[in-house]
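A.B. asks: Before I ask anything, let me first share the structure, which is written out below as structure tokens.
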Amino acid sequence: MTSVTAANPEVVRLAAVTKNFGAVRALAGVDLMVDSGACLGLVGHNGAGKSTLMHVLAGTLLPSSGEIAIGGARQDSYSVTLAQQLGIRCVFQELSLCPNLTVAENTRILHPSIRGIGWRRRAGRLIIDRLDAIFPGHGIAAETIVADLSISRRQMVEIARAFSVTDAPLKLVILDEPTSSLDADTAGQLLSFVRRFVAEGGSVILISHILGEILGNSDRIVVMRDGQVVASEQAKAFDRARLVETMGSTHATDQPPPATLAQNRGQTPIMVRARPKSQADRTDLVAHQGEIIGLAGFSGHGQTELLIEVFDAASRNTTRTTVAAPVALVAGDRQTDGVFPLWSIAENITIRSLAALRRGMLISPTREAAMAEDWKQRIGIRSPNLGNPILSLSGGNQQKALFARALGSDARIVVMDDPMRGVDIGTKLDVYDLIRGEAAAGRTFLWYTTELEELQNCDHVYVFRHGRIVADLGRADLTEQQLIRASFQDVA
Amino acid sequence: MTEEIVPAAPPRHGVLKLFATQIELRMLLLTLAVMLVLAISSPYFRTLNNLLNAMDQSVVVGLVALGQTLVILIGGIDLAVGSLVGVTGIVLGLCFPSLGLYGAVAACLVTGAVAGTISGAITTFGRVAPFVVTLGMMSIGRSLAYVLSGATSISAIPPALGDLSSLTIFGVPLNFTLLIIVYLLAWWFLSRAKGGRTLYAIGSNNAAARVAGLSISIWSVLAYTISGLMAAVSAIFLTSRVLSIDPLAGTGLELDSIAAVVIGGASLFGGRGSIIGTLFGVFIMVFIRNGLNLLGVSPYWQGTAIGSIIIAAVLLERIVSSRARR
């Protein structure tokens, strides 16, 4: 499957690579080496330069200066095509499948050698073979249009496509937060495939904000901070605490938060009452004022749909769903329904609050700027100027702007749809603190997430399965075992 | 990465930077350049009389282009405006005998607004492409103009309506003054009011606008309502100029208005554009038509000239604004 020459164990070597975007220096002289038959874990805060570095490696961005050598040979005119020919594949954070084409047709895009009569069938077989190998029981058909797949299945196709081989060799696969839209089950399948792939001599660069994945699957770990590599050692040399410390997180530890006093439910007024559409019994999701309510279970089991219903109920209550105050939504898929790409950071923050920023009938530019600046400080958005376009920010910082938009608004209820996707651990801890502070001040949160760590911030958790609430866990009952048991529980 | 910012280069040339970032200033410059070229090539162009004439000519297309700008900002397009000028003008002419001057004007405005609202509601709630809906509305409008008028022009217009075009304020025609006032109102609305920001939001990212809690359905329809209303206003000014209305009135205005918006720097994909840019787009088109007439260029060549200007202006805008964003 892979053609790795034992004589040359070095797959990729980057030397003193820099990349500037206007005044922003995203990479400040990076040296990086990837060995064959190894998994390299790459960690760092949002904006540390990980994604930029991977774009350079994949040939989609040209470095401002520095040297790239593949398989020991220096490349002077590096490009996407060349990277492909030399066996370097990349699964980017932003999914890159064409939504209007089928799974098989998307596979063909990467493999020009599949041609002639019956190419659809052959491309289909190639991708399904790969899916079978990586994600047994995936349930994806080659003829499905990509737009009809859930986000996690698209991610699975994207990953399987990167690992598929025709005539070009396959040496290195870059996985940029591959598990962020997968549930725990499929993430586990992927990581064990990565170990098999590496054992057969391939190489993988694994980027993840879930430190357990990095520590458990990497041979070597590279830590980036502010566009530079600050540590590169054997994985054995790290543990969670040291990784977090090396990344330069403001928090010394990422242990679960000190248990806030377990609230007795029902002492504050009910803010949200919602019942999933396919709920057969009369179970409601209930949120009292000042509570943080978790929505758990595997991804795509009706959590997002319920959040949207709660959001829509703010303009019109229904018999199944009622809310008692304005609702704001923090989207997880920030490209689709989060950011306004043509706008500045400040405009993206204030759009939910324009009515409150008016003086008379007009929006006051002074008050608008003041609100944006206030939230930049409170949530730590890393940008020299809030007038810069939102797309000049890294993914995690864009997400911070979306949090600022919701938390700065008049909404007393905030619903969050897997909001920490692609957010680094330092930012996460800051946002956890912020959310708990806001809840203590009387805001109500509904929080859909697949991460146990995030659920531990919740006062109460509802577990979803096949579009229904199957378990209702108080904070004291929330353990990983409980959660997994409930997630697998099948309703009659 | 606050710590890693390379010291930002100070704006090298203050004025140049201003021109690079402000599309309105670039358009002003382009308009002045066009005027300068025409003033040099034709002595008559320089006369006050001709300037007043050009102002007068910019009113009808300018009013239509204002509504068109709002529709294009939300990522739509309104092909019906030209035929709406025709049908609302006929309504105006037919209503004078029974409803009087003010009643007829009101009937004309209501007709335009209702027709626009129908287009907007079908594209927004029926999820039909605006190109298709307004193409249909364009055909319906022109057809109704013929049916209602019996395919003849109406000349029984109260002379009082002519005041709109003949009166002047301190030497400036009243109709042109009103045009500038509505543009200033629209500019104020788009840049500083919540509704204006909502229109930009819809064009920039519809799904995100919904999630941000903006009233996207209402404003998506209102853009077309205003466009229809502006077509009716335009019909009133057109009628006041010649004190007669024809079922063919407004033919081609949909393309002229789209051209003005595009020359003014708006993106047909929505979310990007400026009302002041559109106003300069109108001036550029009017001046060039006017200038070519004065220079004795055959009217058959004017289409080629205007077409080239559209393409050149948009190409220039792309180059300049992509440089500015670097």
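A.B. asks: Go through the stretch A:366-425 and report how many residues are basic (Lys, Arg) and buried (at least 24 other Cβ atoms within 10 Å of the Cβ). I'd like the intermediate steps shown before the answer.
C.D. replies: Kept after step one, since they are basic (Lys, Arg), are these residues of the stretch A:366-425: A:367, A:376, A:378, A:382, A:400, A:405, A:412, A:421.
The next check asks that each one be buried (at least 24 other Cβ atoms within 10 Å of the Cβ); those that pass are A:400, A:405.
Qualifying residue count, the stretch A:366-425: 2.
A.B. asks: Mind checking which residues of the stretch B:196-209 are closer than 14 Å to A:ALA331 by Cα and more than 7 Å from chain A (Cβ to nearest Cβ)?
C.D. replies: Matches in the stretch B:196-209: B:ASN206, B:ALA209.
A.B. asks: Among the residues in the stretch B:146-161, are any touching a Leu at 6+ places or on another chain (Cβ under 6 Å), part of a loop (DSSP other than H, G, I, E, B) and not aliphatic (A, V, I, L, M)?
C.D. replies: Yes, the stretch B:146-161 contains a residue that is touching a Leu at 6+ places or on another chain (Cβ under 6 Å), part of a loop (DSSP other than H, G, I, E, B) and not aliphatic (A, V, I, L, M).
A.B. asks: Across the stretch A:296-336, what is the number of residues that are assigned to a strand (DSSP E or B) and out of contact with any helix residue (DSSP H, G or I) (no Cβ under 8 Å at 6 or more places or on another chain)? Even if it seems obvious, please write down each step before you answer.
C.D. replies: Let us first name the residues in the stretch A:296-336 that are assigned to a strand (DSSP E or B), namely A:296, A:321-323, A:327-330.
Retained after the next criterion (residues that are out of contact with any helix residue (DSSP H, G or I) (no Cβ under 8 Å at 6 or more places or on another chain)): none.
Of the residues in the stretch A:296-336, 0 are assigned to a strand (DSSP E or B) and out of contact with any helix residue (DSSP H, G or I) (no Cβ under 8 Å at 6 or more places or on another chain).
A.B. asks: Follow-up question, since we're still on this one. Output the residue which, of all residues in the stretch A:154-173 that are surrounded by fewer than 23 Cβ atoms within 10 Å (Cβ to Cβ) and of a type in the set (Lys, Arg), is nearest to A:LEU190 (Cα to Cα).
C.D. replies: Taking the candidates together, the pick is A:ARG154.
A.B. asks: Could you identify the single residue in B:LEU248, B:LEU316, B:LEU292, B:LEU268 that is at pLDDT below 90 and assigned to a loop (DSSP other than H, G, I, E, B)? Step through it out loud before you land on a result.
C.D. replies: On the way: B:LEU248 fails: at pLDDT below 90; B:LEU316 fails: assigned to a loop (DSSP other than H, G, I, E, B); B:LEU292 fails: assigned to a loop (DSSP other than H, G, I, E, B).
After ruling out the rest, the residue left standing is B:LEU268.
A.B. asks: Which pairs have Cβ atoms under 7 Å, sit 6 or more apart or on different chains, and link a residue in the stretch A:359-383 that is under 28 Å from A:ASP424 (Cβ atoms) and within 10 Å of chain B (Cβ to nearest Cβ) to one that is outside any strand (DSSP E or B) and acidic (Asp, Glu)?
C.D. replies: Hits for this filter: A:GLY380/A:ASP430.
A.B. asks: Please enumerate the residues belonging to the stretch A:36-53 that are closer than 20 Å to A:ASN217 by Cβ and part of a helix (DSSP H, G or I).
C.D. replies: A:LYS50, A:SER51, A:LEU53
A.B. asks: What number of residues within the stretch B:62-121 satisfy the criterion of being among the small types (Gly, Ala, Ser) and either under 19 Å from B:PRO158 (Cα atoms) or in a loop (DSSP other than H, G, I, E, B) (or both)?
C.D. replies: Step one: list which residues in the stretch B:62-121 are among the small types (Gly, Ala, Ser), which gives B:62, B:65, B:67, B:75-76, B:80, B:82-83, B:86, B:89, B:93, B:98, B:100, B:103-104, B:106-107, B:112-113, B:115-116, B:119-121.
When the remaining residues are screened for being either under 19 Å from B:PRO158 (Cα atoms) or in a loop (DSSP other than H, G, I, E, B) (or both), the result is B:75-76, B:80, B:86, B:89, B:93, B:98, B:100, B:103-104, B:106-107.
Here the count works out to 12.
A.B. asks: Determine if the stretch A:406-413 includes at least one residue that is more than 14 Å from every other protein chain (Cβ to nearest Cβ) and polar (S, T, N, Q). So that I can check it myself, show each step before the final result.
C.D. replies: We begin by selecting, within the stretch A:406-413, every residue more than 14 Å from every other protein chain (Cβ to nearest Cβ); these are none.
Looking for residues that are more than 14 Å from every other protein chain (Cβ to nearest Cβ) and polar (S, T, N, Q), one finds none in the stretch A:406-413, hence no.
A.B. asks: Among the candidates B:SER191, B:SER220, B:SER274, B:SER240, single out the residue that is under 30 Å from B:LEU51 (Cβ atoms), away from chain A (no Cβ under 14 Å) and either touching a Pro at 6+ places or on another chain (Cβ under 9 Å) or hydroxyl-bearing (Ser, Thr, Tyr) (or both).
C.D. replies: B:SER240
A.B. asks: If I go through the stretch A:163-196 residue by residue, how many of them are assigned to a helix (DSSP H, G or I) and either in contact (Cβ under 8 Å) with a residue 40 or more places away in the chain or basic (Lys, Arg) (or both)?
C.D. replies: First, the residues of the stretch A:163-196 that are assigned to a helix (DSSP H, G or I): A:184-196.
Narrowing the set further to residues that are either in contact (Cβ under 8 Å) with a residue 40 or more places away in the chain or basic (Lys, Arg) (or both) leaves A:184-186, A:189-190, A:193-196.
Within the stretch A:163-196, residues that are assigned to a helix (DSSP H, G or I) and either in contact (Cβ under 8 Å) with a residue 40 or more places away in the chain or basic (Lys, Arg) (or both) number 9.
Yes/no per residue for (1) touching a Phe, Trp or Tyr at 6+ places or on another chain (Cβ under 6 Å); (2) surrounded by 22 or more Cβ atoms within 10 Å (Cβ to Cβ):
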residue: B:ILE218; (1), (2): no, no
residue: B:ALA232; (1), (2): no, yes
residue: B:ALA235; (1), (2): no, yes
residue: B:PRO247; (1), (2): yes, yes
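A.B. asks: If A:LEU215 satisfies every condition in (1) part of a helix (DSSP H, G or I); (2) surrounded by fewer than 17 Cβ atoms within 10 Å (Cβ to Cβ); (3) of a type in the set (A, V, I, L, M) but one, which is the exception?
C.D. replies: Going through (1) part of a helix (DSSP H, G or I); (2) surrounded by fewer than 17 Cβ atoms within 10 Å (Cβ to Cβ); (3) of a type in the set (A, V, I, L, M) one by one, A:LEU215 breaks only (2).
Conditions (1) touching a Leu at 6+ places or on another chain (Cβ under 9 Å); (2) in contact (Cβ under 8 Å) with a residue 60 or more places away in the chain; (3) away from chain B (no Cβ under 14 Å), marked per residue:
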| position | (1), (2), (3) |
| --- | --- |
| A:LEU53 | yes, yes, no |
| A:THR60 | no, no, yes |
| A:GLY66 | yes, no, yes |
| A:GLY71 | yes, yes, yes |
| A:THR81 | no, no, yes |
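A.B. asks: Looking for something over 27 Å from A:LEU483 (Cβ atoms), under 19 Å from the mean Cα position of the chain (by Cα), in a loop (DSSP other than H, G, I, E, B) and of a type outside the set (Val, Ile, Thr) - is there at least one such residue anywhere in the stretch A:100-113?
C.D. replies: Looking for residues that are over 27 Å from A:LEU483 (Cβ atoms), under 19 Å from the mean Cα position of the chain (by Cα), in a loop (DSSP other than H, G, I, E, B) and of a type outside the set (Val, Ile, Thr), one finds none in the stretch A:100-113, hence no.
A.B. asks: Is there a residue in the stretch A:315-332 that is closer than 25 Å to B:SER191 by Cα, surrounded by fewer than 24 Cβ atoms within 10 Å (Cβ to Cβ), at the interface with chain B (Cβ under 7 Å from one of its Cβ atoms) and modelled with pLDDT of 90 or more?
C.D. replies: Within the stretch A:315-332, not a single residue is closer than 25 Å to B:SER191 by Cα, surrounded by fewer than 24 Cβ atoms within 10 Å (Cβ to Cβ), at the interface with chain B (Cβ under 7 Å from one of its Cβ atoms) and modelled with pLDDT of 90 or more.
A.B. asks: Can you tell me which residue among B:ALA259, B:ALA312, B:ALA232 is away from chain A (no Cβ under 14 Å) and either touching a strand residue (DSSP E or B) at 6+ places or on another chain (Cβ under 7 Å) or under 22 Å from B:ALA106 (Cα atoms) (or both)?
C.D. replies: Values: B:ALA259 fails: either touching a strand residue (DSSP E or B) at 6+ places or on another chain (Cβ under 7 Å) or under 22 Å from B:ALA106 (Cα atoms) (or both); B:ALA312 fails: either touching a strand residue (DSSP E or B) at 6+ places or on another chain (Cβ under 7 Å) or under 22 Å from B:ALA106 (Cα atoms) (or both).
Going through B:ALA259, B:ALA312, B:ALA232 in turn, the sole match is B:ALA232.
A.B. asks: Looking at B:LEU178, B:LEU184, which one is more than 14 Å from chain A (Cβ to nearest Cβ) and either surrounded by fewer than 22 Cβ atoms within 10 Å (Cβ to Cβ) or farther than 30 Å from A:ARG316 by Cβ (or both)? Give the steps one after another, and end with the answer.
C.D. replies: On the way: B:LEU184 fails: more than 14 Å from chain A (Cβ to nearest Cβ).
Selected residue: B:LEU178, the only one of B:LEU178, B:LEU184 that is more than 14 Å from chain A (Cβ to nearest Cβ) and either surrounded by fewer than 22 Cβ atoms within 10 Å (Cβ to Cβ) or farther than 30 Å from A:ARG316 by Cβ (or both).
A.B. asks: Looking at the stretch A:291-314, which of the residues that are β-branched (Val, Ile, Thr) and either within 14 Å of chain B (Cβ to nearest Cβ) or over 23 Å from the mean Cα position of the chain (by Cα) (or both) is surrounded by the fewest Cβ atoms within 10 Å (Cβ to Cβ)?
C.D. replies: Step one: filter the stretch A:291-314 for residues β-branched (Val, Ile, Thr), giving A:292-293, A:304, A:308, A:310.
Right, trim to either within 14 Å of chain B (Cβ to nearest Cβ) or over 23 Å from the mean Cα position of the chain (by Cα) (or both) and you get A:304, A:308, A:310.
Working: A:THR304: 21, A:ILE308: 15, A:VAL310: 23.
If we take residues in the stretch A:291-314 being β-branched (Val, Ile, Thr) and either within 14 Å of chain B (Cβ to nearest Cβ) or over 23 Å from the mean Cα position of the chain (by Cα) (or both), then A:ILE308 is surrounded by the fewest Cβ atoms within 10 Å (Cβ to Cβ).
A.B. asks: Please verify whether the stretch B:278-286 includes one or more residues that are touching a helix residue (DSSP H, G or I) at 6+ places or on another chain (Cβ under 8 Å) and assigned to a loop (DSSP other than H, G, I, E, B). Full working, then the answer.
C.D. replies: The first filter runs over the stretch B:278-286 and keeps only residues touching a helix residue (DSSP H, G or I) at 6+ places or on another chain (Cβ under 8 Å), leaving B:278-286.
From the residues that got through so far, the ones that are assigned to a loop (DSSP other than H, G, I, E, B) too are none.
So far as the stretch B:278-286 goes, no, none of its residues is touching a helix residue (DSSP H, G or I) at 6+ places or on another chain (Cβ under 8 Å) and assigned to a loop (DSSP other than H, G, I, E, B).
A.B. asks: Let me ask something else. Identify all residues within the stretch A:30-51 that are modelled with pLDDT under 90 and within 14 Å of chain B (Cβ to nearest Cβ); write none if there are none.
C.D. replies: Residues satisfying the conditions are A:GLY44, A:HIS45, A:ASN46, A:GLY47, A:ALA48, A:GLY49, A:LYS50, A:SER51.
A.B. asks: Same structure again: Any chance the stretch A:416-424 includes a residue that's within 17 Å of A:ILE349 (Cβ to Cβ), of a type outside the set (Lys, Arg) and within 13 Å of chain B (Cβ to nearest Cβ)?
C.D. replies: Scanning the stretch A:416-424 turns up at least one residue that is within 17 Å of A:ILE349 (Cβ to Cβ), of a type outside the set (Lys, Arg) and within 13 Å of chain B (Cβ to nearest Cβ).
A.B. asks: I'd like the full set of residues that are farther than 16 Å from A:ALA83 by Cβ and either among the charged types (D, E, K, R) or outside any strand (DSSP E or B) (or both), limited to the stretch A:197-206. Give the derivation first.
C.D. replies: Quick first cut of the stretch A:197-206, residues farther than 16 Å from A:ALA83 by Cβ only: A:197-201, A:206.
Passing the criteria: A:PHE197, A:VAL198, A:ALA199, A:GLU200, A:GLY201.
A.B. asks: Just name the residue that is farthest from A:GLY408 (Cα to Cα) out of those in the stretch A:333-346 that are β-branched (Val, Ile, Thr) and at the interface with chain B (Cβ under 8 Å from one of its Cβ atoms).
C.D. replies: Here is the first cut: in the stretch A:333-346, the ones β-branched (Val, Ile, Thr) are A:336, A:339, A:345.
Going one step further and asking which of them are at the interface with chain B (Cβ under 8 Å from one of its Cβ atoms), we end up with A:336, A:339.
Values: A:THR336: 21, A:VAL339: 16 Å.
Ranking the candidates gives A:THR336 first.
The values are calculated or read from the model by the stated rules, or taken from the named source; none is laboratory data. These figures come from a predicted structure and were not determined experimentally. Methodologically, a virtual Cβ is constructed for each residue, glycine included, from the backbone with ideal geometry; neighbour enumeration extends over all protein chains shown.
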